[in-house]
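Below: the structure, in C-alpha cells.
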Amino acid sequence: MKVLRISARDTYPIRHQVLRPGRPIETCYFDGDTDEQTFHLGAFVDSKLVSIASFFYRRNTKFEEENQYHLRGMATLPDSTGRGYSSELLKVAFPVIKQNFCNLVWCNARVSAQGFYEKVGFETHGEVFDVPDIGPHILMFKKL
Ligand SMILES: CC(C)(COP(=O)(O)OP(=O)(O)OC[C@H]1O[C@@H](n2cnc3c(N)ncnc32)[C@H](O)[C@@H]1OP(=O)(O)O)[C@@H](O)C(=O)NCCC(=O)NCCS
C-alpha cells in the first residue's frame with residue numbers, strides 16, 4: 001500500500017460511493033476543496049485508490065487553538081476496510097499538519113465511525129447532534 005497526495009477530483013468517486021450513495025455528485029464537492037492549504041491523501045493498493053481523507057485549514061471556535069485542521073471525507077471502499085488504510089492516511093497527515101504550525105485536528109464524526117477515531121487517538125467534545133440525511137454525529141478532536 002502506498003499513500004500519495006491526490007487532487008480533490010480524485011476523491012469524488014469514493015466520496016460518492018461511500019459517503020453520499022445515491023445522492024447527487026455535487027454533494028461530494030466540499031467547500032475549500034481546492035484551497036491552497038487544503039490537501040487530500042489517498043491509499044493505493046496495486047495502483048487502485050481504496051481509501052481517502054481530506055484536510056482543510058479551518059478553525060472551530062469550540063477549541064482554543066489558533067491554527068487547526070478540519071478532517072473531512074474519510075472513507076475506505078467497503079471491500080478494503082479493516083486493513084489499516086485510514087489509520088495510515090492519518091499517520092501521514094499528522095506530521096504535514098504539524099509542519100503547517102497546526103496542533104489540533106477536528107472532525108464531525110459519524111457516530112458509527114466514532115470507534116475508529118478513538119482508536120487513532122481522537123476524543124469527543126460535546127453531545128451527539130444530527131446531520132440531516134446523514135445521521136448522528138459527534139465533534140471529535142486530536143491534539144498533535
Ligand atoms: C470508518 C472508516 C473510514 C475506517 O476505515 P478503515 O480503512 O477500515 O480503518 P482502519 O482499517 O485503519 O481501522 C483502524 C482501526 O479502527 C477500527 N475501526 C474501523 N472502523 C471502525 C468503526 N466504524 N467502529 C469502530 N472501530 C472501527 C478497525 O477495526 C481498526 O482496529 P484495529 O487497529 O484494532 O485493527 C471506514 O470504515 C469507512 O469508510 N466507513 C464508512 C464511511 C464513514 O463512516 N466515514 C467516516 C465519516 S465521519
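Every number in this text was worked out from the coordinates using simple rules, so none of it is lab data. Because the structure is a prediction, the values reported are computed rather than measured. Glycine gets a Cβ as well: all are built from the backbone with ideal geometry, and neighbour counts include every protein chain shown.
Remark: the residue 23-residue 124 segment gains 33.5 nm on full extension, using 0.36 nm per residue and subtracting the alpha carbon distance.
Candidate cross-link partners of residue 2 among the aspartates and glutamates, defined by an alpha-carbon separation under 12 Å and a same-chain spacing of 8 or more, comprise 46, 88. In a DSSP loop and with at most 12 other Cβ atoms within 10 Å, the trypsin sites (Lys or Arg not before Pro) in segment 1-67 are 62. DSSP beta bridges fully contained in the chain are about 90 percent antiparallel. Each Lys and Arg contributes +1 and each Asp and Glu -1, all at the Cβ; summed about the Cα centre of segment 2-143, the dipole is approximately 360 debye. Got the relative contact order for segment 2-143 handy, in percent, Cα pairs under 8 Å and 6 or more residues apart? The value is 18 percent. With all pairs of different C-alpha atoms in the average, the Kirkwood value for the hydrodynamic radius of the chain is 15.4 Å.
Taking the charge dipole of the chain about its Cα centre, with +1 at Lys and Arg Cβ atoms and -1 at Asp and Glu Cβ atoms, the residue from 92, 8, 74 reaching farthest to the positive side is 92.
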